[in-house]
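Inspection log for the structure reproduced underneath, given as structure tokens.
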Amino acid sequence: MRRIRQLLSRVKIRQKLIIVFLATSIIALGVNLFVYINLNTMLERIDAVYSTNINLNKLSDDIKNVHAGLTGYLETKGTDDLELYYRYSQEITEEIEDLNDQPTDNALKLGELNVRSLSKNYLETAEKAIRGKRARNVELYTRFYNECCESFDYLNTYIYSLNNETFRTNSESFNTMIDSLHYSQILCLSIFIIVSLMNVLLIVLLTSTITRPLTKLSEKAKEISSGNPENVELLMIDSNDEIGHVTRAFNRMLVSIKEYIGRIREQMVTESAMKEKSLLMENHMKDAQLKYLRAQINPHFLFNTLNAAAQLAMMEDAKRTGDYIQNMADFFRYNVKKDNEKVRIAEEIELVDSYIYIMNVRFSGEISFRKEIDESLLDVIVPSMILQPIIENSVKYGINNLDERSIEIVLSLYKKDGVACVEIRDNGKGMDQKIIDQLLSRQPLEYSKKPDDEKSVGLANVISRLDIFFYGKAKFEIKSAENQGTSVIIYIPRRDEPCIE
Amino acid sequence: MTFITVALLILTVVGLVIFWSQTQRYKASGIEDYQTYSRHYVFIGNDSDSRVSERLYQQLREYGLQNDCYVERAGDNLAAEYSKQEQMDIAIRSEVSGIILEGDNSEETVRLVNKASESGIPVVTVMADVPDSKRVSFVGMNNYSAGIKYGKLIVSISERVDEKCKALVLMNAEGNSNENTLYVAIQETLKPTGIQIESAVIDSASPLSAEEKIADVLDTYESLPDIIVCLSDINTRCAYQYIVNKNAVGNTTIIGFYDSPSVLRAIDRGSLEATFSVDTAKVAVCCVDALNEYIDKGNVSEYFSTDYIFMDKKNVKQYLVDESGEGTKNETN
């Protein structure tokens, strides 16, 4: 059975259907043919039952005719009688050839043997009588004729008896055969019913090898269409027909769908991250711009005004005033020009110089600013406006502590482990550790809700922009202790690493 | 479902086999079912009602079948009844292989035996011979010794009954030399005793006439004979029935012929003194062997002798095998 299934699994659907129809048709045809042939044989046998009686009746009639011919010829020597005699004697000769010629224990066959022998004897005696008549030997043909009459009498008795006995036997056979025929007909009907049932089951069985995989396929398709293709398992392929091919293709499709969905999901995650990053950056930039605009009031107007004031101071020989105003003008110009750009770190340092100068004028030179610069690193590219907010932060925290000592700020640019580092140290009162933790963990700062003087470009903004610019690869370190100052270190990744253009 | 399909397939095959066997069932039966033999013999008896003849035929047939011969009983299954001579004539015309004939003394029988012989058909006579014919062999009984046995039996009965005992021998109409020999032997045995013996011929040639003839003969007697000797089975049965009807059982002693169950039971009860029977099996063997030998070798012994079986109250029980049985044991006296 398993072999048949394996064999069927390799057969094409068309061939399977042909096999189904052929198998059922051949079975039905074979059974019908078998039944038809046997019933036909049986009917022929029934028809032949009385044939022996018919033959015996004919033989009896022929003997009567031949005897009539013989009698007529011996009486009148008429040619018609002779012709009658010869015609029927010929027929009798042929007919008795069909009769049994062997001694047997069957009464009917033995009767046939006797009839055959007596007929033969009759014909021989009759022939002698005919010859006697031709020889005009009255005594001779009379004697043979008398013998013929006796034989005729015996023959009639034997044929009659045999006929009766045969008829009795044939009637019994006929009745038995008719009964058997009825029984056979019922049997035949039963066989037809069984064969029909078997054919139906056979069709169901064979077609199920086609429909079962289709049903499975359909169920899987429904599962997929229900919207959860990732949980759908692959179909088992147990046939090599068209459905097997379709199932294989279906499985491939399912795998592709799963892969496609995975890819789309990854892409969506990436896009979402990108979008979030972009939005965040934009948000920070807008926030910074807004804060700057608010702070600068009108940088262009201020810048132009300051330039005019510087020139005026120069014309009036007020050099310090002129330098101060010039530094202010440079500071604002940088703000106007370098907004939202990537810059060399040297430019950032220049901005810090201007800012310190301005702050020193403002706070009467109490800010001690020192630079420790590795000049080979001056071309490192960084986002604009990252150092000034840190310096501003140091100044702001240092101012609060002015009563005791002067503000000391050190800006260092150096290389550590192949990475450019910018470090800004101050000797201020230090930062609250809680704020440092919030800054480093990129959490929103609470101080953003504090008064206006603290609304400068904060460290948080710098950190966020560095994260965005360097894809989070720029490290940011803040070391601070109460009244011990603060040290902010920025580790700038190498230039060949990716950065936002 | 597969199991059901396979079961239905098996059921179909079984059904077809049954159907085929059903349709073929009657091919081998009836007229088609027979066996052929190389020789065809015909047995022609004197009396178709004779149980001796009937039993002899059965033995002939049985033994013939064992020797590739089929023995047919003339006149069986025929719509008309033919005389013995006509049956002989038909057998000759049918060109049978051989004839076993219960002989008689008629000239017609002699003529037909000679005609058969001329036609190349050997004739073996049985029980009674056809003297002066061209039969090839005769299978007969030792009638003289049987007659002496009959005589001695009569003497022993007469000693028991009466000194002036009268005995009657019922002979057949076809009375032949065999019966005459037997009768003479009885007479010779009884001569010194002074027992009066008579004979009467019962012409039972026509069917159903034996009983009437016996009644006619016995009615002529004022007092029934003390001993009645019957030389045929039909005469035995008729005489016995006559005695029973006349309520004369015990007054008359019957010595019968043949061993039919009723005769044997009568002997067992004491109604019949004794009976003589033919060892038909031995006779049948002799007849068939004689014909086969003649056909095969061209000659055969002219005479085969067999003895009668004597049965009386002393040994009857061993022959009463069963009441419906016809056969006696092959035990000669």
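Things worth noting here:
- Candidates A:211, A:207, filtered to the one that is exposed (fewer than 14 other Cβ atoms within 10 Å of the Cβ), more than 12 Å from the chain's Cα centre (by Cα) and assigned by TED's automatic domain parsing to the domain that holds residue A:19: A:211
- Residue selection: residue A:405 fails the criterion of being modelled with pLDDT of 85 or more and either outside the structural domain of residue A:459 (by TED's automatic domain parsing) or closer than 27 Å to residue A:354 by Cα (or both).
- Some residue of the range A:255-262 being in contact with a Lys or Arg (Cβ under 9 Å, 6 or more places away or on another chain), part of a helix (DSSP H, G or I) and more than 9 Å from chain B (Cβ to nearest Cβ): no
- Within the range A:486-498, the set of residues being more than 16 Å from residue A:377 (Cβ to Cβ) and at pLDDT below 85 comprises A:498 only.
- Within the range B:235-251, the residues that satisfy the criterion of being buried (at least 22 other Cβ atoms within 10 Å of the Cβ) and either in contact (Cβ under 8 Å) with a residue 60 or more places away in the chain or not in a helix (DSSP H, G or I) (or both) are B:235, B:239.
- Residue check: residue B:129 meets all listed conditions (1) surrounded by fewer than 24 Cβ atoms within 10 Å (Cβ to Cβ); (2) under 22 Å from the mean Cα position of the chain (by Cα); (3) not in a loop (DSSP other than H, G, I, E, B) but one, namely (3).
- A single member of A:48, A:23, A:28 is of a type outside the set (Val, Ile, Thr), within 13 Å of another protein chain (Cβ to nearest Cβ), more than 30 Å from residue A:128 (Cα to Cα) and loosely packed, with under 14 Cβ neighbours inside 10 Å, and it is A:48.
- The residue list A:59, A:43, A:8, A:39 contains one member that is at pLDDT 90 or above and either surrounded by 13 or more Cβ atoms within 10 Å (Cβ to Cβ) or not aromatic (Phe, Trp, Tyr) (or both), which is A:59.
- Annotation: of all residues in the range B:56-74 being under 16 Å from residue A:109 (Cα atoms) and surrounded by 22 or more Cβ atoms within 10 Å (Cβ to Cβ), the one that is nearest to the other protein chains (Cβ to nearest Cβ) is B:70.
- Subset of the range B:1-26 [closer than 19 Å to residue A:199 by Cβ and more than 7 Å from chain A (Cβ to nearest Cβ)]: B:3, B:6, B:7, B:10, B:13, B:14
This table checks each residue for (1) in contact with a Phe, Trp or Tyr (Cβ under 9 Å, 6 or more places away or on another chain); (2) outside the structural domain of residue B:124 (by TED's automatic domain parsing); (3) under 24 Å from residue B:130 (Cα atoms).
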site	(1), (2), (3)
B:3	no, yes, no
B:20	yes, yes, no
B:24	no, yes, no
B:56	yes, no, yes
B:84	no, no, yes
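- Near pairs, Cβ below 7 angstrom, 6+ apart or cross-chain, from the range A:178-197 (more than 7 Å from chain B (Cβ to nearest Cβ)) to any residue that is surrounded by 18 or more Cβ atoms within 10 Å (Cβ to Cβ) and in a helix (DSSP H, G or I): A:181/A:42
- Single match in A:121, A:156, A:146 (criterion: more than 11 Å from chain B (Cβ to nearest Cβ) and either more than 30 Å from residue B:25 (Cβ to Cβ) or under 60 Å from the mean Cα position of the chain (by Cα) (or both)): A:146
The values are calculated or read from the model by the stated rules, or taken from the named source; none is laboratory data. If you're wondering where the values come from, they're calculated on a predicted model, not measured in any experiment. Positions of Cβ are backbone-derived with ideal geometry, glycine not excepted, and every protein chain shown enters the neighbour counts.
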